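Here is the structure we will look at, set down as structure tokens.
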Amino acid sequence: MNFLITLMKAIIPQRYHPICGETYIRISSFLLSVLLIGNRFICPCCGWHFRKFLRYGLHPRKNAMCPKCGSLERHRLLWLYLKNKTNLFASNLKVLHIAPEPIFQRTFKSMSNLEYISADLNSRYAMVNMDLTNISFDECLFDVILCSHVLEHVEDDRKAVKEIFRVLKPGGWAILQVPVFSELEKTVEDTAIKTPEERELAYGLKEHVRKYGIDYKDTLENAGFNVNVDQYVKSLSREIVSVFCLNRDENIYFCTKPLKSK
Ligand SMILES: [Zn+2]
């Protein structure tokens, strides 16, 4: 397989490599999905049914990733929440989606009720490239902002949250997910920790710059948000949690911007 990929790279001009890479991923994920079709699990994001999901993670978790769309437990929970607990699929909304997950972006782009913009620091998949700590949009512009598993990568997360608050309309809502370690009262963060190896040791991943505790809610409230730490997954039946293969400990950080500033 590696030989074939090397050969294709040698034959095909470099400017077409990204397109070929995406095509290869789509074909291989489709074939894998067909092989894994079954009745035990359902991915709510793509609607496919499987006998198992794929293993995924630094310490691989069984039945974590959808072979068709790549959704993980957190994506499937967020999808169900958006579908069942928000007006995202029903109202006309201007949406800013930060660091867009491909499966979500494809769907949101196609929804006629959404005026949709995706943004990332430096990604060809996002519609706009921008720094989250210096958002390139006017204040009070968006009805909805989605930002999942991004802030743990941002050095100045407080400034990023303030920027998100700034560009959200009063009365608008944002879902701002991060990995929260419920056993930690306080977020672990040390500016003396610099190298990827030190970060992995302290925070679990080389790319993370802190490990959030339950005081994450304070960070959001200090920016001005009203925060509902929604234990939505606890309201779902054991069968639903099992069939969608969700994480029973993940909460949804549903933030609203007050109509009048505090
Ligand atoms: Zn899927």
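The values are calculated or read from the model by the stated rules, or taken from the named source; none is laboratory data. Remember, it's a predicted structure, so these values are computed and weren't measured experimentally. Neighbour counts run over all protein chains shown; Cβ positions are idealised from the backbone, glycine included. Quick note on the areas: whole protein, heavy atoms, side chains included, nothing else; ligands and nucleic acids left out. Shrake-Rupley method; radii C 1.70, N 1.55, O 1.52, S 1.80 Å.
Some values worked out for this structure:
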| item | result |
| --- | --- |
| From N92, N2, residue being open to solvent by 50 Å² or more (accessible area, probe 1.4 Å), at pLDDT 95 or above and either within 15 Å of the ligand (Cβ to nearest atom) or more than 17 Å from the chain's Cα centre (by Cα) (or both) | N92 |
| Long-range neighbours under 6 Å by Cβ, at least six apart or interchain, first residue basic (K, R) within segment 89-107, second part of a strand (DSSP E or B) and within 16 Å of the ligand (Cβ to nearest atom) | none |
| Qualifying positions in segment 78-132 - of a type in the set (S, T, Y), in a loop (DSSP other than H, G, I, E, B) and farther than 26 Å from D230 by Cα | S112, S123, Y125 |
| Residue within segment 100-112 that is over 19 Å from I175 (Cβ atoms), within 15 Å of the ligand (Cβ to nearest atom) and open to solvent by less than 30 Å² (accessible area, probe 1.4 Å) present | no |
| Residue in segment 227-250 that is hydroxyl-bearing (S, T, Y) and either modelled with pLDDT under 95 or touching a Lys or Arg at 6+ places or on another chain (Cβ under 6 Å) (or both) present | no |
| 1 or more residues surrounded by 15 or more Cβ atoms within 10 Å (Cβ to Cβ), without any contact (Cβ under 8 Å) to a residue 60 or more places away in the chain and in contact with a strand residue (DSSP E or B) (Cβ under 7 Å, 6 or more places away or on another chain): qualifying helices (runs of 4 or more DSSP H) within segment 176-259 | 196-203, 216-222 |
| In segment 25-55, the residues that are in a loop (DSSP other than H, G, I, E, B) and on the phi < 0 side of the Ramachandran plot | L36, C43, P44, C45, C46, W48, R51, K52, F53 |
| Meets criteria (charged (D, E, K, R) and part of a loop (DSSP other than H, G, I, E, B)) for K169 | no |
| Count of residues meeting criterion [of a type in the set (A, V, I, L, M), more than 15 Å from S235 (Cα to Cα) and in contact (Cβ under 8 Å) with a residue 60 or more places away in the chain] in segment 61-88 | 1 |
| Yes/no for N122 being in contact with a strand residue (DSSP E or B) (Cβ under 6 Å, 6 or more places away or on another chain) and open to solvent by 30 Å² or more (accessible area, probe 1.4 Å) | yes |
| Matching residues, segment 63-77, being touching a Phe, Trp or Tyr at 6+ places or on another chain (Cβ under 6 Å) and not in a loop (DSSP other than H, G, I, E, B) | N63, A64, M65, R76 |
| Single unsatisfied condition, R26 versus (1) modelled with pLDDT under 90; (2) away from the ligand (no atom under 14 Å from the Cβ) | (2) |
| Top-ranked residue in segment 49-82 [being farther than 26 Å from G204 by Cβ and surrounded by 19 or more Cβ atoms within 10 Å (Cβ to Cβ); ranked as nearest to the ligand (Cβ to nearest atom)] | K68 |
